[in-house]
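Have a look at the structure below before the remarks.
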Amino acid sequence: MTDTLAGKQVLLVIAGGIAAYKTLELIRRVRERGGAVRCIMTKAAEQFVTPLSLAALSEQKVHTALFSLTDEAEMGHIQLSRDPDIVVVAPATADLLARMAGGLAGDLATTVLLATDKPILLAPAMNVRMWNATATQANLSKLRARGMQMVGPNEGDMACGEYGPGRMAEPLEILDAIERTLGAGGPLQGRHALVTSGPTIEPIDPVRYLANRSSGRQGHAIAAALSRLGAATVLVSGPTQLPDPSGVRVVGVETAREMLAACEAALPVDVAVCSAAVADWRPATASDEKIKKNGASPAIALTENPDILQTLSQAGNRRPSLVIGFAAETEKVEAHAKAKLARKGCDWLFANDVSAATGTMGGTNNTVTLITEDRVEAWPKMTKDDVATQIAERIADHLGAAK
Ligand code: CTP
């Protein structure tokens with residue numbers, strides 16, 4: 001048995017339909033592949049399967065009520081919506097689909113489904129007439145347009161005695177769809193990736209710090225793209241406004257030294273992508289107390305931070321087989337980047353012009369040039385998401401060829 005879902009968390013939303021019994025097997029199958037399952041049941045679902053069976057199979061608390069004081073204290077509904085790598089709705093009944101399409105949030109299931117930014121996979125199950133109803137099909141179109149994936153329904157004999165489409169997909173089919181959505185079985189399946197992202201912030205005193213304009217968009221997008229291709233991905237990030245990419249383990253840090261420690265703890269990995277805008281310097285001493293105004297402006301002595309890309313590139317037998325850096329330049333981009341590649345000892349360097357006029361720093365687009373020891377390749381301007389996808393595909397090609 002392969003552990004294609006190792007480290008992945010599935011949030012299973014069970015609505016009230018006869019097919020709910022099949023979710024018991026789905027939980028077993030996900031867990032056989034190394035995944036964890038947490039269940040939310042609608043009130044109607046409790047008529048079909050018991051919370052106790054779900055808790056026993058998932059070995060996790062089953063969530064049912066939106067306004068439960070104890071549940072909210074232990075894990076609030078927003079947290080529930082943020083934790084998983086994927087949300088699976090099975091069975092997705094006509095009623096629940098309608099409520100989702102309408103954006104309702106009257107119970108725990110719909111609240112979490114409305115709040116989550118994780119991929120949602122629907123496994124519809126209902127009577128054939130309900131499936132064919134114009135209202136249901138219109139609701140499904142809306143949900144698809146919002147990016148939700150669907151598995152099934154299958155055609156066959158129904159519990160109500162009719163025949164046609166409406167039977168929920170089998171647990172193994174749902175499992176396959178989960179794996180596909182999470183990139184399991186992708187070209188980077190079984191590979192480990194480390195990505196740094198965002199700025200680092202370096203304290204001057206308890207309230208002030210040195211920072212930079214990095215948004216983390218490029219690094220976060222690279223981590224998401226690597227994960228989509230199946231890599232077990234750790235994202236070590238300084239403070240950003242971005243949501244955690246789905247399927248990625250995120251380690252939040254503030255300073256360069258914390259970032260280095262988190263990266264070293266993530267080794268060994270097959271590939272490391274250093275896209276963080278690490279502060280080159282930090283205040284030599286951070287004051288424990290807030291520095292007060294006393295007439296004279298304080299002089300802040302700076303000391304150099306460790307170079308994470310260089311450290312990973314020179315990590316001896318713990319060196320990732322592919323180490324990739326970015327070179328943020330404002331002039332003589334190619335010449336500076338080539339010198340940087342040699343100085344840092346990394347394999348690939350993506351040089352980008354971050355001078356103010358380009359809008360790259362903090363913006364959504366990027367124009368990069370890939371520089372290796374023997375190649376210079378200018379990529380056209382594209383979104384940071386597209387740059388990320390292409391980088392991940394290049395990495396997959398490279399590691400695949402090196403197998
Ligand atoms: N980098 C790093 N640790 C540092 C500084 C930079 O890991 N302390 C990484 C960045 O993540 C990036 C690459 O090194 O992948 C180059 O960063 P850049 O800021 O362009 O280069 P610097 O080394 O800071 O050189 P300079 O500022 O002099 O151009």
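The values are calculated or read from the model by the stated rules, or taken from the named source; none is laboratory data. This structure is a prediction, so every number in the text was calculated from the model and none was measured. Glycine also receives a Cβ, built like all others from the backbone with ideal geometry; neighbour counts cover every protein chain displayed. The accessibility values were calculated without ligands, DNA or RNA, using every heavy atom of the protein model including side chains. Shrake-Rupley method; radii C 1.70, N 1.55, O 1.52, S 1.80 Å.
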Legend entry - Sole residue being within 15 Å of the ligand (Cβ to nearest atom) and farther than 23 Å from GLY400 by Cβ, chosen from ALA286, ALA339, ALA301, ALA296: ALA339
Inset, instruction - Mind telling me which of the residues ALA277, ALA262 ends up being surrounded by 15 or more Cβ atoms within 10 Å (Cβ to Cβ), farther than 27 Å from ASP83 by Cβ and not β-branched (Val, Ile, Thr)? - result: ALA277
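So if I check each of THR196, THR233, THR200, THR240, which one is under 13 Å from the mean Cα position of the chain (by Cα), more than 30 Å from ASN127 (Cβ to Cβ), among the polar types (S, T, N, Q) and open to solvent by less than 50 Å² (accessible area, probe 1.4 Å)? Reasoning before the result, please.
Details: THR196 fails: under 13 Å from the mean Cα position of the chain (by Cα); THR200 fails: under 13 Å from the mean Cα position of the chain (by Cα); THR240 fails: under 13 Å from the mean Cα position of the chain (by Cα).
Result of the check over THR196, THR233, THR200, THR240: THR233.
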Inset, instruction - Tell me the strands (runs of 3 or more DSSP E) entirely within region 148-224 that contain at least 1 residues that are at pLDDT 95 or above and assigned by TED's automatic domain parsing to the domain that holds LYS290. - result: 192-197
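Inspect all residues belonging to region 342-350 and state whether any of them is open to solvent by 20 Å² or more (accessible area, probe 1.4 Å), within 13 Å of the ligand (Cβ to nearest atom), touching a helix residue (DSSP H, G or I) at 6+ places or on another chain (Cβ under 7 Å) and not in a helix (DSSP H, G or I).
Here is the first cut: in region 342-350, the residues open to solvent by 20 Å² or more (accessible area, probe 1.4 Å) are 342-345, 347-348.
Still in the running and within 13 Å of the ligand (Cβ to nearest atom): 342-345, 347-348.
With touching a helix residue (DSSP H, G or I) at 6+ places or on another chain (Cβ under 7 Å) added as a condition, the list becomes 344-345.
Filter once more, keeping what is not in a helix (DSSP H, G or I): 345.
Scanning region 342-350 turns up at least one residue that is open to solvent by 20 Å² or more (accessible area, probe 1.4 Å), within 13 Å of the ligand (Cβ to nearest atom), touching a helix residue (DSSP H, G or I) at 6+ places or on another chain (Cβ under 7 Å) and not in a helix (DSSP H, G or I).
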Inset, instruction - Would you mention how many residues in region 272-329 are under 23 Å from GLY252 (Cα atoms) and acidic (Asp, Glu)? - result: 4
Legend entry - The lone exception for GLY325 - which of (1) within 12 Å of the ligand (Cβ to nearest atom); (2) in a helix (DSSP H, G or I) it fails: (2)
Inset, instruction - Among the candidates PRO306, PRO245, PRO320, single out the residue that is within 12 Å of the ligand (Cβ to nearest atom), in a loop (DSSP other than H, G, I, E, B) and either in contact with a His (Cβ under 7 Å, 6 or more places away or on another chain) or modelled with pLDDT of 95 or more (or both). - result: PRO306
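Pick from VAL354, VAL333, VAL387: which is within 12 Å of the ligand (Cβ to nearest atom), in contact (Cβ under 8 Å) with a residue 24 or more places away in the chain and out of contact with any Ser or Thr (no Cβ under 6 Å at 6 or more places or on another chain)?
Values: VAL354 fails: out of contact with any Ser or Thr (no Cβ under 6 Å at 6 or more places or on another chain); VAL387 fails: within 12 Å of the ligand (Cβ to nearest atom).
None of the others qualify; the one that does is VAL333.
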